[in-house]
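Presented below is the structure to which this report refers.
The values are calculated or read from the model by the stated rules, or taken from the named source; none is laboratory data. What you see is a predicted model, and the numbers here were worked out from it, not measured in a lab. All Cβ positions, glycine included, derive from the backbone under ideal geometry; neighbour counts span all protein chains shown. When the accessible area is computed, the model is the full protein with side chains, heavy atoms only, and any ligands, DNA or RNA have been set aside. Shrake-Rupley method; radii C 1.70, N 1.55, O 1.52, S 1.80 Å.
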Amino acid sequence: MSITIARSLDHALTTLHENPDALILAGGTDLMVQINRGYLNELSTVIAVNRIPELQGWKQQDDTLVLGAGLTYAEMEKSDFAAVAPALAQAARTVGSPQIRNAGTLGGNLGTASPAGDTLPVLAALDAVICLRSAQGARRLPILEFITGVKNNARQPGELIEEVHIPAAQGHQEFCKIGPRNAMVISVASLALIVDQQNKKVRLGLGTVGPVPLRPAEAEEHLSTNVNWAANTVSAATLDQFSTLAAAAARPIDDHRGTAAYRRHAIGVMARRTAARAFTEETA
Amino acid sequence: MTTNHYTLKVNGKEHQVADAWAGESLLWVLRERLGLPGAKNACEEGECGSCSVRIDDEVVCGCLVLAATAVDCEITTIEGLAPEGELVDVQEAFIEAGAVQCGFCTPGLLVTIDKLLETNNQPDDLTVREAISGNLCRCTGYGRILEAVNLAAAKRREATS
Amino acid sequence: MTDIQITSPVSAPRIGESAPRPDGVPKVTGTFTFSSDLWHNNMLWGGTLRSPHPSANIKSIDISGALAINGVSAVLTHTDVPGSLLYGLEHADQPVLAADVVRYEGESVAIVAADHPETVRRALAAIVVDYQVTAPLVDPEAAEQAEPIHPDGNLIRRLRLRHGDQNIQGEIQVEGTYEVGMQDQAFLGPESGLALPSEDGGVELFVSTQWLHSDRDQVAVCLGLPPEKVRFTLSGVGGAFGAREDLSLHAHLCLLALHTGRPVKMVYSREESFHGHVHRHPARMWYRHHADTDGNLLRVEARLILDGGAYASSSGAVISNATCFAAGPYLIPSADIDGAVVRTNNPPCGAMRGFGAVQTCVGHEAQMDKLAAALGMDPVELRLKNALKSGDKLLTGQTITGAAPVAEVIKSCVDHPSTLIPSDDMMSLPGGAGRTADPHHIVRGQAMAVGFKNLLFSEGFDDYSSAICHLVDGVATITCACAEVGQGFVTLAQQITREVLGVEEVILAPAATATVGSAGSTSASRQTWMSGGAVQKACEAVRQQLLERIADQHQVNLDDLVLVDGQIVSLSGNFSLDLATATTEPLEADIEYHHAPTYPVDENGQGDAHVSFAFAAHRAVVDVDPELGLVKVVELTTSQDVGRLLNPLQAVGQLEGGASQGVGLAVMEEVLVTEGRIRNASFTDYLIPTALDMPPVEIAAFIEQPEPGAPFGAKGIGEPPSISSTAAVVAALRDATKRELPRVPVRPTDIVQLEDDTP
């Protein structure tokens, strides 16, 4: 195993160019677990990217929120970030422990691409774009094209996740996550609801209920068209149908953390509850 | 096994690490190479907080830091929390409040709580609970630990007022 | 005799005071040496190859590939075990290293010593074991009828308890079947130790354990060495809770050190720890309670089956407790209880805090609530009406001669005002940071439970502890092999010594097999009584020697002399000598302390099998999100029968900590085993309560009724907090959800109860 501590984006990309299959070490919160368990072979090359200034922090650029791949969960939890991306901030707060959140990064969550990745359903609902860069150039992929399967993504050898771009949206945001413990727990099912007030659209992201984060189009469409946007209200029937459609869109599995049936049910409950937080339920 | 050499700065002192396997975690290097076993090894997957150390200004799990990448940082472990032969407020409070039983979670908790009180010396109950929610304790049920945080916070407020 | 008052100038705390831990400073500064912190020049690292199969025959083991790896010093298999291949706590039925068969996933097959843990890992990966996989026996209910998976058979122990008139029928009868999942002790300090070869051909082992001498005796037999050549010393123990009562890496480390002639260190990973120690027995329990219409309990019938897993460990004693205490702390004239613990290819089970009484408390307390509902009676009133008291008979026919303040613990607990502060912060609702619930989604439940168990070892076991008191220059040194596992025996030993000898300074010598006799196990809530008693008796013997010597040297009447606060004074007031001056010549006493004898039970489970009992009650308040099945325990209140409080602060710590393990079992903790395989052998997936899951524990009362025969009248307090806490939380969840919830831990799916959902 050899280790390179990249000091600049160029440095990282050059090293990556020479070792296209190198393992990228960001916060270490996923990769180190593998190393500690002895799952990685002796010949691996590791490039540490947590010292690259270009990957740090976040900024508002015109109507896009630009997040560095090295943005930590702890930074996402902070009030200035929560003011512009509340659902991401809420999701960040549910990741692992405070210690994990101090080290773990947005780029790492994308790189690992676990179905239980806490930011992934939010990024899906936010229509996030993943910016990849290699020594040859850059390319952008919508989040749903970037995440290709269970712990799989579209990053090619030689590429690095550089930034995440989020189009600005004004409106209520919600994130919910089910875990059988009140802290430090892997998601059993998660959901993000993003209201785009300007375009009168509601976008929904589902996490841990499929190999990749899901966008239940039918549920989104149903809620978006049935909300009373002027009054910011919604009928009980719409909420119920939204809940049903969201649950139907889930593609969960049974595993040791939860059953498929429970996961689907939980998605329905969280969909209804988050929508009821975003819009006032009309009294019959 | 390929090995490498690097220098770590721990508790204000430079330590040469020679002939180390590249895959060693900071926790392992501290404990087994540098003679600093204060940070503990309860899970080695970031789920218990017993290996909590401070790197620069952040508390992280030492088990999830690749040691060779922790160069040029200020690393602080439980051994560096207080000057030799002295105790800081949180350490005193842990003893006074009965927050120590087997003591395996204690170093990680102390590093975590010390940092918490540095940023907030009047944390409410829920804030404290969230701040230490990544530090598992199996002996105490947290009651005496929470009491110790209150005690230490009071000591710190007194010291800074 | 003149009645003189001697005021105490001694500042060092004694019995009844919240003395600080002597190991407190090293533990808060990170300098306390746990067994995983040990290090030795030139040491090797050890590792264990474990079976990936719950059941298989071993056709061959090829270690040549591992031996060829640079840095590997030894690869050992069963053929390298010089003595007995088998060991065990009660029965020697478990191989040190598997020979021709493996009986559970994780069973040790080979061990390696090498220069670095990474080399160890590679060497383990290079060992080729040819397994012929066989179908595992995983259903405990099928075990007795199944083909034996071990020469000792599949029934580890059955107890039939028949008490009173077997023809009694109650006008009111309630029936229920309950299940308790497999809990892990989840101590934080993983199994670890350091072995050093000795010049005499023996071996020294520094290890974290609960019972040094038992470990030493078991290992010596396997090594084929006389016990005196096998020297075990206690190293810092990162929690135990029962999981360190059996051997884990002890014999392996000694074998590797003897084979290589070098120090060898071994530390289990968390995953390995889940495979490397016994768990709490999963239980299936059927009950039928009979009562008259006034709510007087008349009869209890129960069928208990515990899954012992592949090897016996302490299963025999666990089923005994489960059976004896199956019906709870109630006076019941008639009982028919059948308890069995069986062998399967599941992970071995053994000791865990509460030891059989935890599982049955879940059953009997659910039954009491059911019975109260059937009677239309208040559940607290029903319990009080039937509460055991001193002088009553247990289901084993034994009369309780000591304190049995069952009504007192119940009353003080339920009468204690709640101090719950309402909070609408999402973080404090079920689901926490997951923001799943709004306050209006939440329902609250409240209930109580009471439980009990025996203290000390039972059924005729010759239970004792040893201690040496050495007094010189006014400083006492106590040597006792009692395993300090975090419970605070070291604090008590100092308090007791100061109390008896009036000294300020008490040095605690290392706990080791070479210097002192056995202290017995740190389990069964027994060390305060047993090793506390041994220390007390050793100190008293030294005090007597001292007074006799002074009487002799100074020609004063022995009966006139007392030792108070570092002074030997005569009651008549004309003689006084400073303790330090009086002890320039050392004094020493080495004593063995035995508790009152107990007896085996007969074929009907009847007999005076126990010494003493301790009781506790818990009241739980829970918040539940019924639609999502998420819960939060928001308050626990407890009262406990403690005999006499020796160190209030440490007692609080035991009550809070024990309750947190009970909360864990109630709502989240379970080792998930499918077809003999553990699916969650990590702290990522075996969840224990965090600070955001554990409610404040309100201690309503320590009931202090000094126990006859117990040193200072104190009862052990470690286990009762883990017994009724689980039952109380589950009962509160039933109150909130109106569900039956017959299974523990209660999972979200149990509360939501979806159709076609089998977890």
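Return a yes/no flag: does segment A:175-189 have any residue that is of a type outside the set (K, R) and exposed (fewer than 15 other Cβ atoms within 10 Å of the Cβ). Scanning segment A:175-189 turns up no residue that is of a type outside the set (K, R) and exposed (fewer than 15 other Cβ atoms within 10 Å of the Cβ). Please work out if B:L110 is within 14 Å of C:D693 (Cβ to Cβ) and within 14 Å of chain A (Cβ to nearest Cβ). For B:L110, the condition - within 14 Å of C:D693 (Cβ to Cβ) and within 14 Å of chain A (Cβ to nearest Cβ) - is not met.
As a summary of the residue check, C:H364 satisfies the conditions (1) surrounded by fewer than 24 Cβ atoms within 10 Å (Cβ to Cβ); (2) over 30 Å from C:V485 (Cα atoms); (3) modelled with pLDDT of 95 or more except for the one numbered (1).
Right, B:A20: part of a loop (DSSP other than H, G, I, E, B), open to solvent by less than 20 Å² (accessible area, probe 1.4 Å) and aliphatic (A, V, I, L, M) or not? No.
Of A:I3, A:I100, A:I47, all but one fail to be open to solvent by 10 Å² or more (accessible area, probe 1.4 Å) and in a strand (DSSP E or B); the exception is A:I3.
Scanning segment B:69-100 for residues that are open to solvent by less than 20 Å² (accessible area, probe 1.4 Å) and either facing chain C (nearest Cβ under 10 Å) or modelled with pLDDT under 95 (or both) yields B:T77, B:I78, B:A82, B:V90, B:Q91, B:A93, B:F94, B:A97, B:G98, B:A99, B:V100. The set of residues from segment C:455-513 being in contact with a helix residue (DSSP H, G or I) (Cβ under 8 Å, 6 or more places away or on another chain) and within 14 Å of another protein chain (Cβ to nearest Cβ) comprises C:A483, C:E484, C:Q487, C:G488, C:F489, C:T491, C:L492. In segment A:234-256, what residues are closer than 12 Å to A:V209 by Cα and open to solvent by 10 Å² or more (accessible area, probe 1.4 Å)? Those that are closer than 12 Å to A:V209 by Cα and open to solvent by 10 Å² or more (accessible area, probe 1.4 Å): A:A247, A:A248, A:A249, A:R251, A:P252, A:I253, A:D254, A:D255. Evaluation of B:K9 against the conditions (1) within 11 Å of chain C (Cβ to nearest Cβ); (2) more than 13 Å from A:Q99 (Cα to Cα); (3) surrounded by fewer than 23 Cβ atoms within 10 Å (Cβ to Cβ) shows that the sole unmet condition is (1).
Is it true that C:S465 is open to solvent by 10 Å² or more (accessible area, probe 1.4 Å) and either in contact (Cβ under 8 Å) with a residue 40 or more places away in the chain or under 23 Å from C:T233 (Cβ atoms) (or both)?
Spelling it out, it is not the case that C:S465 is open to solvent by 10 Å² or more (accessible area, probe 1.4 Å) and either in contact (Cβ under 8 Å) with a residue 40 or more places away in the chain or under 23 Å from C:T233 (Cβ atoms) (or both).
Cβ separations smaller than 6 Å between residues 6+ apart or across chains give the following pairs from segment C:90-108 residues that are hydroxyl-bearing (S, T, Y) to residues that are part of a loop (DSSP other than H, G, I, E, B) and open to solvent by less than 30 Å² (accessible area, probe 1.4 Å): C:Y104/C:P54; C:Y104/C:A310; C:Y104/C:N345; C:Y104/C:P347; C:S108/C:L97. Which of the residues that make up segment A:257-284 are among the aliphatic types (A, V, I, L, M), open to solvent by 40 Å² or more (accessible area, probe 1.4 Å) and closer than 17 Å to A:V188 by Cβ? The answer is none; no residue qualifies. Annotation note: of C:A125, C:A114, the sole residue that is more than 20 Å from C:A195 (Cβ to Cβ) and within 14 Å of chain A (Cβ to nearest Cβ) is C:A125.
Of all residues in segment C:676-718, those satisfying the criterion of being within 20 Å of the chain's Cα centre (by Cα) and within 14 Å of chain B (Cβ to nearest Cβ) are C:Y686, C:L687, C:I688, C:P689, C:I717, C:G718. Name the single residue, out of those in segment C:643-670 being among the β-branched types (V, I, T) and in contact with a Leu (Cβ under 9 Å, 6 or more places away or on another chain), that is most open to solvent (accessible area, probe 1.4 Å). Ranking the candidates gives C:V667 first. Mind listing whichever residues of segment C:382-396 are open to solvent by 20 Å² or more (accessible area, probe 1.4 Å) and over 26 Å from C:E656 (Cα atoms)? Of everything in segment C:382-396, those that are open to solvent by 20 Å² or more (accessible area, probe 1.4 Å) and over 26 Å from C:E656 (Cα atoms) turn out to be C:K385, C:S390, C:G391, C:K393.
Taking segment A:51-73 as the range and being within 14 Å of chain B (Cβ to nearest Cβ), surrounded by fewer than 21 Cβ atoms within 10 Å (Cβ to Cβ) and within 19 Å of the chain's Cα centre (by Cα) as the test, only A:Q56 passes. When only residues in segment C:21-70 that are open to solvent by 10 Å² or more (accessible area, probe 1.4 Å) and part of a helix (DSSP H, G or I) count, which is farthest from the other protein chains (Cβ to nearest Cβ)? For segment C:21-70, the residue satisfying everything is C:S64. Considered as a group, the residues in segment B:32-55 that are more than 7 Å from chain C (Cβ to nearest Cβ) and within 16 Å of B:K13 (Cβ to Cβ) include one that is surrounded by the most Cβ atoms within 10 Å (Cβ to Cβ), and that residue is B:V53. In this structure, does B:L151 turn out to be open to solvent by 10 Å² or more (accessible area, probe 1.4 Å) and within 13 Å of chain A (Cβ to nearest Cβ)? No, not satisfied.
Counting the residues of segment B:123-151 that are part of a helix (DSSP H, G or I), more than 23 Å from C:M426 (Cβ to Cβ) and polar (S, T, N, Q) gives 1.
Run down A:A135, A:A168 and say which single residue is open to solvent by 30 Å² or more (accessible area, probe 1.4 Å) and modelled with pLDDT under 95. None of the other options fit; the residue is A:A168. Would you say B:V65 is buried (at least 24 other Cβ atoms within 10 Å of the Cβ), at pLDDT 95 or above and more than 9 Å from chain C (Cβ to nearest Cβ)? Yes.
Going by the structure shown, is A:K200 over 30 Å from A:N19 (Cα atoms), more than 14 Å from chain C (Cβ to nearest Cβ), open to solvent by 40 Å² or more (accessible area, probe 1.4 Å) and at pLDDT 95 or above?
In short, yes.
Here is the figure for segment C:248-277: residues that are touching a helix residue (DSSP H, G or I) at 6+ places or on another chain (Cβ under 8 Å), closer than 27 Å to C:A524 by Cα and open to solvent by 10 Å² or more (accessible area, probe 1.4 Å) total 2. Is it the case that A:A116 is open to solvent by 10 Å² or more (accessible area, probe 1.4 Å), within 29 Å of A:E221 (Cβ to Cβ) and touching a strand residue (DSSP E or B) at 6+ places or on another chain (Cβ under 9 Å)? For A:A116, the condition - open to solvent by 10 Å² or more (accessible area, probe 1.4 Å), within 29 Å of A:E221 (Cβ to Cβ) and touching a strand residue (DSSP E or B) at 6+ places or on another chain (Cβ under 9 Å) - is met.
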